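Before I ask anything, let me first share the structure, which is written out below as structure tokens.
Each value in this text was obtained by applying a stated rule to the coordinates, not by laboratory testing. Note that the structure is predicted; figures quoted are calculated from it, not measured. Glycine gets a Cβ as well: all are built from the backbone with ideal geometry, and neighbour counts include every protein chain shown.
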Amino acid sequence: MEGVSWTIHKYLFHGPLWFIHKSHHEAGHKRFELNDLFFVFFASLAMILIYLGRDSFDFRFWMGIGVTCYGAIYFILHDIFVHNRLKTWETKNTYLLRLRRAHKIHHKSMDKLPSESYGLLYFSKKYKV
């Protein structure tokens, strides 16, 4: 899922879907952003896949489970930890601090391009803390 997410983020969110995603790059994050529509889309897609594959537990079921699991990890690490929406999580964990730093550097640009570090879980070793 990380590879799919990276590709979608770089080529769609910072491409033709920038008009939605740019709300996430604007200063002063709000409780809800237009960018949150992507959550609704991917959650709906996951539910449909799980439903369609429920009888035989075929590839659609497991794709839906994969999207759901990645979405949960994304919500916890990105929204709660990186953007500190709940203002509850501090850490000294090196990996998590590097993850936060890589994402903050991604947000340095308030524009569609240039940008860097499009992934969430994997990022360059240059983001040392």
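Determine the distance separating the Cα centre of segment 1-70 from the Cα centre of segment 76-113; give it in Å without decimals.
Cα centroid of segment 1-70 versus Cα centroid of segment 76-113: 18 Å apart.
Label-point separation (nm) for K112 and L52, each offset 7 Å from Cα along Cα-to-Cβ?
A separation of 3.0 nm, rounded to one decimal place.
How much length is gained if the chain between H83 and F19 is pulled fully straight, taking 0.36 nm per residue apart and subtracting their Cα-Cα distance, in nm to one decimal?
21.0 nm
Taking chymotrypsin sites (Phe, Trp or Tyr not before Pro) that fall in a DSSP loop and have at most 14 other Cβ atoms within 10 Å as cut points, what is the longest piece of the chain between them?
90-121
Also: Among the lysines, select those whose C-alpha is under 20 Å from the C-alpha of K126, and discard any that sit fewer than 8 residues away in the same chain.
Leaving aside lysines fewer than 8 places away in the same chain, those within reach of K126 are K10, K92, K104, K108.
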